[in-house]
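**Student:** Have a look at this one before I ask anything.
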Amino acid sequence: MKRLAIVIVLLLAVVGFLGWAIYQDAGYVLISYDRFRYESSFWIFLGLVACLWLLSMLVHRLLGLLHASGALVNPWSRRHRARRVAKASRSGLRELAEGQWSQALGHLRTAAEHDRQPLVHYLGAARAASELGEYEQSDELLRKAREREPEAGLAVGLTQAQLQIARGQYVEARESLSALHNEHPRHPYVLTLLQQLYVQLQDWPALCRLLPELRKHRVLPPARLDELELLAWTAALEQAATREDAQQALHQCWQTVPSKLRSEPLLVRAYADGLGRSGAEEKAEEVLYAALKRQFDDRLVERYGRVRGREPARQLANAEGWLKAHPENAQLLLALGRLSLRNEFWGKSRDYLEASLRLEHRAETCAELARLLSQLGDKERSNRLFQEGLGLLDQPISQPLPVVSNA
């Protein structure tokens, strides 16, 4: 109320001042140009100018209102187009997350075609098209993404590789990732996808070659990387053992194994098993013996009892040499029992196998002892042991047995 009173006072003061000024002198204005002539008092001219200014402001305001109302009514106006793009983007991204592929494809494609930054929309639309089995359309959307945003080649390439892996297009995915790897050799996600692809393809040699890069760039946690390294090299050795030139392939693969891993029992066992299956049992015995001399391991000593070395007596003596340090090791006693069978020491074999069975009740030990007792004439106990171990053996037994006379 106070503010209004001040305004009224000021307005009256201005009007009073103008009245006083007009009373003092009306003034005179003459404008002449060619045949045009305008005459009036100064104050009438000033009022005319003020009226023209007010009229121009009114017209300007009216045109602004007409433009705004036209934008609200016209569906093709820039304002409405921006709203449609934003709505299509929100709907498409939500539908993509919900797995509504068809709706997401339509909305995201619309948003991509009209947005100034269409990358996210193109990538989402490509994924939706791929999920619908529209692979050509998916690739076309990725091509458009590259054209619209050339600097986003890495993002587009990674998306393409992911979609190719999901489709089972492993050859194409490998080409895509190899190209990305050449351009971005240190990129963690490129390395991660390559690692996953090699595992999927069971391309263990390629994965083994990639492992140093994975470790250098810390793509995986150290514990996970150690586990993957053992898996990859073990699988590579097992794969080499299936080739026609198995012995040569195994030798070449073993030479490429990092020196720090050659004493790992898992890898030594895989190498020895491959040599044994390829007919190089004597070499397998040497490999196992060398590894056991460096570090005693239950898994390796069990394999040592299975493999047939060049000299069975020396092999038995080697194993008995470990008995002093490991007198109650069930695996070592089982290996000694098998090696004694190979040397045809029936009584010693029985003692070793029974000692192993007392320490650890294993199906293999039951079967070995049952078979020996059967040939030695102890049928009742043999049958009991066979029943315990029946169906649990990992592989058939091929050890010599004593010949018992029927006389």
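The values are calculated or read from the model by the stated rules, or taken from the named source; none is laboratory data. This structure is a prediction, so every number in the text was calculated from the model and none was measured. Note that we place each Cβ from the backbone using ideal geometry, even for glycine, and neighbour counts take in every protein chain shown. Surface areas here come from the heavy atoms of the whole protein model, side chains and all, with no ligands, DNA or RNA. Shrake-Rupley method; radii C 1.70, N 1.55, O 1.52, S 1.80 Å.
**Student:** Between Ser259, Ser32, Ser382, where does the largest GNM mean-square fluctuation fall for the chain, given springs only between Cα atoms within less than 10 Å?
**Tutor:** Comparing Ser259, Ser32, Ser382 in a Gaussian network model of the chain, the most mobile one is Ser32.
**Student:** Using +1 at the Cβ of each Lys and Arg and -1 at the Cβ of each Asp and Glu in the chain, identify which of Phe17, Gly305, Asn318 lies farthest towards the dipole's positive end.
**Tutor:** Ranked along the dipole, the leading option is Phe17.
**Student:** While we're looking at this one, here's another question. Among the lysines, select those whose C-alpha is under 25 Å from the C-alpha of Lys348, and discard any that sit fewer than 8 residues away in the same chain.
**Tutor:** Result set, ordered by chain and number: Lys293, Lys324, Lys379.
**Student:** Sticking with this structure for a sec: Please tell me the relative contact order of segment 319-393 in percent, rounded to the nearest whole number, where contacts are Cα pairs under 8 Å and at least six residues apart. If you can, show how the numbers build up before the last one.
**Tutor:** Values: 85 pairs, mean separation 18.1, N = 75.
Over segment 319-393, the number comes to 24 percent.
**Student:** Under a straight-distance cross-link criterion of Cα-Cα below 17 Å, which aspartates and glutamates are reachable from Lys2, leaving out those fewer than 8 residues away in the same chain?
**Tutor:** Candidates past the 8-residue exclusion: nothing left.
**Student:** Measure nothing fancy, just the Cα-based angle from helix 188-201's long axis to the longest principal axis of the chain, in degrees from 0 to 90, nearest 10.
**Tutor:** Compared with the principal axis, the helix lies near 40 degrees.
**Student:** Rounded, prolate or oblate for segment 319-393? Axes are the square roots of the Cα gyration tensor eigenvalues, ordered a ≥ b ≥ c, and the cut-off for rounded is a/c under 1.5.
**Tutor:** oblate
**Student:** Would you list which aspartates and glutamates come within 20 Å of Lys216, measuring only between C-alpha atoms, while excluding same-chain residues fewer than 8 positions from it?
**Tutor:** Straight-line reach from Lys216, under 20 Å: Glu183, Asp226, Glu227, Glu229.
**Student:** Is it possible to state the helix-based mean residue ellipticity at 222 nm for the chain, with each DSSP H run of 4+ residues giving -39500 (n - 2.57), the sum divided by total residues, to the nearest 500 deg cm²/dmol? What is it? Present the calculation step by step, with values, prior to reporting the outcome.
**Tutor:** Working: 20 runs with 301 residues, N = 407.
The helix contribution divided over the chain gives -24000 deg cm²/dmol.
**Student:** Now for a different question. With +1 on each Lys and Arg Cβ and -1 on each Asp and Glu Cβ, how big is the dipole of segment 319-393 about its Cα centre, in debye rounded to the nearest 20? Could you put the intermediate results ahead of the total?
**Tutor:** Working: 11 positive and 11 negative charges, 20 e Å.
Computed charge dipole of segment 319-393: roughly 100 debye.
**Student:** Roughly how big is the chain's charge dipole about its Cα centre, with Cβ charges of +1 (Lys, Arg) and -1 (Asp, Glu), in debye to the nearest 20?
**Tutor:** Values: 53 positive and 48 negative charges, 317 e Å.
Around 1520 debye, computed over the chain.
**Student:** Still on this structure, I have one more. Before anything else, pin down the relative contact order of the chain: Cα pairs under 8 Å, at least 6 apart, normalised by residue count, whole percent. Intermediate results must be reported in sequence, preceding the final value.
**Tutor:** Working: 427 pairs, mean separation 20.7, N = 407.
Across the chain, relative contact order equals 5 percent.
**Student:** So, one more: With a 1.4 Å probe and every protein chain kept in, tell me what percent of the accessible surface of the chain is carbon plus sulfur. The partial results should precede the final answer.
**Tutor:** On the way: 13750 of 24750 Å².
Ligands and nucleic acids excluded, carbon and sulfur give 56 percent.
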